[in-house]
Structure formats: C-alpha cells, structure tokens
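The values are calculated or read from the model by the stated rules, or taken from the named source; none is laboratory data. As the structure is a computational prediction, the values presented were derived from the model and not from experiment. We place every Cβ from the backbone using ideal geometry, glycine too, and count neighbours over all the protein chains shown. The protein model used for the area step is the full one, side chains on, heavy atoms only, and it has no ligands, DNA or RNA in it. Shrake-Rupley method; radii C 1.70, N 1.55, O 1.52, S 1.80 Å.
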Amino acid sequence: MKRNNQTNSLIKWLVVLIDFLLLGLVLLLFYNNHPDMSEWRMDRVEVFVLVCLFSLVICEYQLPTIIHKRLVSAADVLKRVVQVTLMHTVLSYLLMKVVDLRLPVGYLLIEIGTALFILMIVMRLIERTLIKRYRQMGRNTRTVTFVGSDPELTNLYEKLINDATTGYRMLGYYGDQQENDFKQLGSLDDLMDNLNHPEKLHLGDDMYVCISRRERDKVKRLSRFCDKHMIRFCYVPVSVETLGINLKREMIDDIEVFVTYENPLGNPVNKVIKRLFDVVVSSFALLMMLPFLPIIALIIKSKSPGPVFFKQLRTGIDGHEFMMYKFRSMHVNSDADKVQATKDDPRKYAFGDFMRKTNIDELPQFWNVLKGDMSIVGPRPHMLAHTEMYSKLIDKYMVRHFMKPGVTGWAQVTGFRGETSELWQMEGRVKRDIWYMENWSIWLDFRIIWLTVKSLFVHDEHAY
C-alpha cells in the first residue's frame, strides 16, 4: 500500500507542477501580446507574476487536485478546475490591490483566468487519459479482499474491478462457497481464526466486509485489525439489510440515526441556479438555431407532407401535462400518441431518420426549456399513454415527476435511451432518473451535457 500511495503522490505533484507551468505559459503569452501588460514597467510585471504564482500556491493547497483518485468523475474534475481558477482570479485581484491599488488588473485577470481554465481543462483530459492507460498496464494498482458471501459483493465487484482503469485488483474473498468467478481464499472462520497470524492470510490494500450487522463483534475485530495493519476498511451492508432508499447518516448525541435525503432541488438556491442555467443555455441554443430553421423546415416539407413541428402532450413536473415540441421526423400518422419509434419504423422518412440519429429533431425543446416546461437535464418526458401504463407496472415510476423533464438525462447517457420494448428497460430508466433527482448538482448536469455532446460523435445504437 505504501508504494501505491507514493505513486499517487507522485502523480499529484506532477499535476501540480504542470499547473504552474501552464500559469507561467499564460503569463508569458500575455506579457508578449497583451496591450496592457506591454506598457507596464518591469518591476510591476515582476510583482504581478509573483502575486499570480503565490495565489496559485494557496489555491493548490486549499483545493488540491483530485485527478489521481481512483473513483473520481469528470464532473468532479471540472468542478475542481472551476474552483481553482475562480479562486486564483479573485485572490490575485485582492493581493494586487494591496500591492498597487492604482494598477487596473481586473479585466486582465479575468482574461488570464479564462485562458488558464481552458488550458487546465484540456490538460486534465490528457492527464486523465494517461493515468487510465498507466493503470490499465497494471501499474499504480490497489489490491482488494472481500469478506462475506452476500450478493452485494458481486455488485461491488462489477463497480470496482470490471473497470481496469480504476486500478483495483481483487485477490479473492473469505466466506462461504458461492457461484461466481471470485477466488475463495478461505471461510469466514479461517479469516477470524488467523487474525493473530496475518502471515497466513492473503490480504490486500483494501478490505470490503459484507456480513450481517448482527455479527458486530466480528466487524469490530476486523476493523481494529485493519487499523493496526494499515489496511483500508470498508463496511458494506448485506442485501437483506439494505433498505433500497437513499438515506443520510446523522448523529443525535452518540446515537446513530438515518434520515431520507432531501431533494437537492428543494433548496431555493439550487433551484435558481438550475433555472438560470436553463435560461442561458436555451436562449443561446435558440439563437444558434435560427439561421438553420428555414433550411430544416424546407427539407421537412419537401420530404413529407404535413407540419414542420410535431406537438405532443407529455407528462411534466408534478404529473402536469405540457405540450412538447420537436421537428417532425415521421409521416403524419394516427399512432403517434400511442406507439414508440422502433429501429426500422415504416413511419419514418429518410431525413427524419437522420434527424433522430443526430438529435436534430429534439432542438425545438429548447423552447420548452425557455418557457419553463422542461430543463436542459432531467428525466425524459413520456407520452401520456406510457405514463398511465407504466405507473401501474413499475413501483416509484411517478417519483421521476418530482422534477422537470429534460432534453437529455442521466438515463439517456448511461445506456437507457430510446425504445423500451421490455419492462426491465423502463425499470432501469426510472431507477436512473430517481438517482439523478436524489444526487443532483450543477456539476452532474455538466457531466451529462458533456456525455450527450460526446454521443453525437460516437453513434448510439439506440438512437432511432
């Protein structure tokens, strides 16, 4: 474990060094090309550079890089870069005003901050790719030992081990014989009997324990053992003790209680942030769409008789109905409000099929976003017939309507886009929609938008 920590530390410091090199590059480019800095005396330039470098030292200390961590999302990385560059801009401005109150540096620092943000984002993408490749080669790995025989360990295995880029390698498990691909290292009793003889055990850097809470003595012994031998201890509730609802741990004095999570969008500040984001993005998208609207309209009219726009009642927030708009991608038909599109649907015409595969048909929904019927990101709105049908078949189906529907969503970028010909597909979509609702953050929205844009260049087989 010590070697792994040293490697992670090395990666972290290399990333920090690159950040300083990027700042130096930005300052050099601005010094040579920016009209304001070119007029400064050399002593002012030196002070400005020192202030910027000192500010970055503070930022890197207060907001250390997280890209070296194994289970970190692109949204987390984006959030950290925004925080660092924003803090650096503000701190540099305040320090410069202390050093030289008369020197106008406000707009200059905003420009430098923007340039630094762009370069750091590009570099984080490169760094993230290199770190993943490095771990795929078997370097910078952490070994894992499972304890228990519960099905939850299979789910955990799929999350931790199946993605080789996280750098986890499983040694095996201690528990009863089970039907999976895990290597059994011994029984639970074998593990407990040999805790005083660790040389007889096969233990990794991390230990995930999934046994009943009723066996608290064993759990405590394993926890103390891990602390003593510098092993990271993680407790996983067994499946029969998992409630299947999102709970948050709180302490009342020394008593542990669990309460349901509050919907993050129940917070008025979060609601305002999401709405402002929706208004800005949808306004920009509609302005960009205006020049192409006549062209798209002419092609639709020439390929299929009927209106340019397809209008349909969908289920929105709190179960209220709203009129959703799309470019019409099918011939006018009587089944539009009842039957989903299929891969070789005869109702589609050629250009309509192209629009569906490239998501062009969804562009008018930015008008729904601007009106307030929809959000940029959220659960996809379903036709009324499907709402009525699935609300009777799927538990918690209507929970997804506690927030505005979206142009794109977490379910769509995680494999549950398009036709839901089997019940399990809609169940998976609903499960992801509820997860998004319970875990919303503006950074998660950024991640979903990025994955949506990325899908435009990598064909989705479900896009029809």
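At 1.4 Å probe size, with no ligands or nucleic acids counted, give the accessible surface of E111 in Å², nearest ten.
Counting only protein heavy atoms, E111 exposes about 80 Å² to solvent.
Could you pull out every residue, at least 5 positions away or on a different chain, whose amide H is within less than 5 Å of the one on G406? Hs are placed 1.01 Å off N in the peptide plane, and Pro or chain starts have none.
S375, G378, R380
Rounded to the nearest 5, what is the percent of antiparallel bridges among the DSSP beta bridges in the chain?
The antiparallel fraction comes to roughly 45 percent.
Treating cross-link reach as a plain straight distance, find the lysines whose alpha-carbon is under 27 Å from the alpha-carbon of K396, omitting any fewer than eight places away in the same chain.
Partners found: K159, K248, K271, K274, K338, K404, K431.
Give me the lysines in straight-line cross-link reach of K228: C-alpha distance below 26 Å, same-chain residues under 8 apart excluded.
Filter leaves K2, K69, K183, K200, K218, K220.
Would you kindly find the accessible area of W450, with a 1.4 Å probe and non-protein molecules such as ligands, DNA and RNA excluded, rounding to the nearest 10 Å²?
Using a 1.4 Å probe on the heavy atoms, I get roughly 130 Å².
Step by step: find N for the chain, compute 2.2 N^0.38 Å, then divide the Cα radius of gyration by it. What's the final number?
1.20
Quick one: Debye curve from the C-alpha atoms of region 66-108, no solvent, what's log10 I(q)/I(0) at q = 0.24 Å⁻¹?
-0.77
Leaving ligands, DNA and RNA out of it, rank F54, F20, F182 by accessible area with a 1.4 Å probe, largest first.
F54, F20, F182
Could you run the Karplus curve 6.51 cos²θ - 1.76 cosθ + 1.60 with θ = phi - 60° over region 336-349 and give me ³J(HN,Hα) per residue in whole Hz, x for Gly and Pro?
Computed from phi, the couplings for region 336-349 are 4, 8, 10, 10, 5, 6, 10, 4, 10, 5, x, 6, 7, 10 Hz.
Could you tell me which of rounded, prolate or oblate describes region 317-464, using a ≥ b ≥ c as the square roots of the eigenvalues of the alpha-carbon gyration tensor, with rounded for a/c under 1.5 and, failing that, prolate when a/b is larger than b/c and oblate otherwise?
rounded
E321 accessible area, nearest 10 Å², 1.4 Å probe?
Estimated to the nearest 10 Å², E321 gives 120 Å².
Gap in Å between the Cα centre of region 266-294 and the Cα centre of region 120-176?
Rounded to whole Å, the Cα centres lie 38 Å apart.
Which order do the peptides 293-302, 306-315 come out in when sorted by mean C-beta neighbours inside 10 angstrom, highest first?
In decreasing order of mean packing, 293-302, 306-315 become 306-315, 293-302.
Please give the length that would be gained between R133 and K431 if that part of the chain were fully extended, namely 0.36 nm times their separation in residues minus their C-alpha to C-alpha distance (nm, one decimal).
On the way: separation 298, 0.36 × 298 = 107.28 nm, distance 3.15 nm.
That works out to 104.1 nm of additional length.
Over the chain, what percent of the accessible surface lies on carbon and sulfur atoms, probe 1.4 Å?
Carbon plus sulfur share of accessible area: 60 percent.
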